[in-house]
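First up is the structure itself, then whatever we jot down about it.
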Amino acid sequence: MLFLSPITAITSLYVAVSYGYLYLMFTTITTVFQETYGFTTGTVGLAYLGLGIGSLIGIAYTSITSDRIIRKKKAAAANTTDTDTDTDTDTENGGTVKPEYRLAALPLGSFLIPASLFLYGWTAQYKIHWIVPIISHVPIGIGNLIIFMSIQMYLVDSFTVYAASAIATNTVVRSVASALLPMASLPLFDTLGLGWGNSLLGFIALATIPASFALIKWGGYLRQKYEIKNL
């Protein structure tokens, strides 16, 4: 599925970037806050609160808004003439529900991650009060969960009976990225510093933003053209 379905490949690489960044932060936060802000071994764990709070907000946001967006778009589709030839996954109550509706919040998550990386990198570089870089972790926690949850639901709706295989493919790719990317984190920061090191990561994250809009616009076409069936 990774090689035969463009949707699976794009979403797997997309999640791999966001999850790789999350695990990169897991491996570097302790070093940054101990060396830059003088946190002790006993207190440095508190620096992870920003990521934790952000992740909780991301879960809550996705849980609250996802079905509301589906109902809103479904009602709108029921009141208009549907000229899209895409295959719908749900046509109950006279409306149509397409898997791409699950991606409505994806651009928001995509913007939050680079914004968080830029803020975190330069506030830590200039040793702004420690609360600021911790707060800067909140957006990356929100963005990561929005991306993860949106794509997981999208894969389930897109592949139905093959959803488990699609999610497994996504899991393998993001797990490899999460294992390998942190290995380069400390050498990266040693070479470029916290400011430019995180900025480099932020620029890469910015480059992935168009993929979120592309999936929303052309995801249905790709699902039809490269349909996975009879495996």
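A few points about this structure:
- Criterion applied to Ala166, Ala211, Ala205, Ala177 was being out of contact with any strand residue (DSSP E or B) (no Cβ under 7 Å at 6 or more places or on another chain), part of a helix (DSSP H, G or I), surrounded by fewer than 19 Cβ atoms within 10 Å (Cβ to Cβ) and of a type in the set (Gly, Ala, Ser), and the one residue passing it is Ala211.
- Segment 101-151 - residue that is free of Cβ contacts under 8 Å to residues at least 60 places away in the same chain and closer than 12 Å to Tyr61 by Cβ and, of those, surrounded by the most Cβ atoms within 10 Å (Cβ to Cβ): Leu112
- Segment 207-225 - residue that is of a type in the set (Gly, Ala, Ser) and closer than 17 Å to Leu13 by Cβ and, of those, nearest to the chain's Cα centre (by Cα): Ser212
- Residue that is surrounded by the most Cβ atoms within 10 Å (Cβ to Cβ), among those in segment 30-62 that are aromatic (Phe, Trp, Tyr) and over 14 Å from the mean Cα position of the chain (by Cα): Phe33
- Candidates Thr65, Thr27, filtered to the one that is closer than 16 Å to Leu106 by Cα, surrounded by fewer than 18 Cβ atoms within 10 Å (Cβ to Cβ) and either modelled with pLDDT under 95 or more than 19 Å from the chain's Cα centre (by Cα) (or both): Thr65
- Conditions (1) part of a loop (DSSP other than H, G, I, E, B); (2) in contact (Cβ under 8 Å) with a residue 40 or more places away in the chain; (3) not aromatic (Phe, Trp, Tyr); number of the one not met by Leu13: (1)
- Flag set for Ile142, criterion: assigned to a helix (DSSP H, G or I) and not hydroxyl-bearing (Ser, Thr, Tyr).
The values are calculated or read from the model by the stated rules, or taken from the named source; none is laboratory data. Worth saying up front: this structure is predicted, and the values here are computed from it rather than measured. All Cβ positions, even for glycine, are placed from backbone atoms using ideal geometry, and neighbour counts span all protein chains on display.
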